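The values are calculated or read from the model by the stated rules, or taken from the named source; none is laboratory data. Bear in mind that the values here come from a model prediction, so they are computed numbers and not experimental data. For neighbour counting, all protein chains shown are included, and Cβ atoms are generated from backbone atoms with ideal geometry for every residue, glycine included.
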Amino acid sequence: SAVISQKPSRDICQRGTSLTIQCQVDSQVTMMFWYRQQPGQSLTLIATANQGSEATYESGFVIDKFPISRPNLTFSTLTVSNMSPEDSSIYLCSVVGQTSTDTQYFGPGTRLTVL
Amino acid sequence: AQSVTQLGSHVSVSEGALVLLRCNYSSSVPPYLFWYVQYPNQGLQLLLKYTSAATLVKGINGFEAEFKKSETSFHLTKPSAHMSDAAEYFCAVSDPGTASKLTFGTGTRLQVTL
């Protein structure tokens, strides 16, 4: 499976600021996703990152709050904008590879704390 | 819409005992099913998956799961628990033939005691 890295691994931010999280894959993948895992909770899909076009957002998530870019087949960013303490979560990217097309593989996550 | 239910948010077993984590799904068609494990402060790691081949699926670290259509279940088992198995386990479901819409259960935290 693909090797997925995320930067930063963790961060502590002040309310009202923005943080951009990077997801890098060591091989080209067909699909990339962003999830949020709130403390003690399961994973919730934020959006599908589409290469060369606007991301597809799930209900309850909007582009102004979570802008996403995917300039190529190995890289994507998620920005958490105008943060509040409620945004404190783990943010994970996942990918579907070109060979194992029925499975999502996850990155290590970015642990965000907003004060 | 698909959904998955994990019975028991916390399960505690003794080292060497059988591990049984329950997962039931709801789907109009036989879905693809997955078990992921999340160790503390880490991302999700795929344990095993069912994608309409053999109903008994063997995964990593000695885990296995059996797809039972009649019971709409995909329970995860391991004959003998090890301390290193302590983690959060998530069952997930997707439409057959695609991994694009993955729905997760609420997770089960496994504790292993001496």
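For residues that are assigned to a strand (DSSP E or B) and at the interface with chain B (Cβ under 8 Å from one of its Cβ atoms), tally how many sit in the range A:95-106.
Initially, the range A:95-106 is screened for residues assigned to a strand (DSSP E or B), giving A:95-97, A:104-106.
Adding the requirement that they be at the interface with chain B (Cβ under 8 Å from one of its Cβ atoms) leaves A:96, A:104-106.
Here the count works out to 4.
State which residue is surrounded by the fewest Cβ atoms within 10 Å (Cβ to Cβ) when the search covers only the range A:69-115 and only residues that are touching an Asp or Glu at 6+ places or on another chain (Cβ under 8 Å) and farther than 18 Å from A:Gln28 by Cα.
Per the criteria, the residue is A:Thr113.
Go through the range B:85-114 residue by residue and tally those that are surrounded by fewer than 16 Cβ atoms within 10 Å (Cβ to Cβ), modelled with pLDDT under 95 and not in a loop (DSSP other than H, G, I, E, B).
Total satisfying the criteria: 0.
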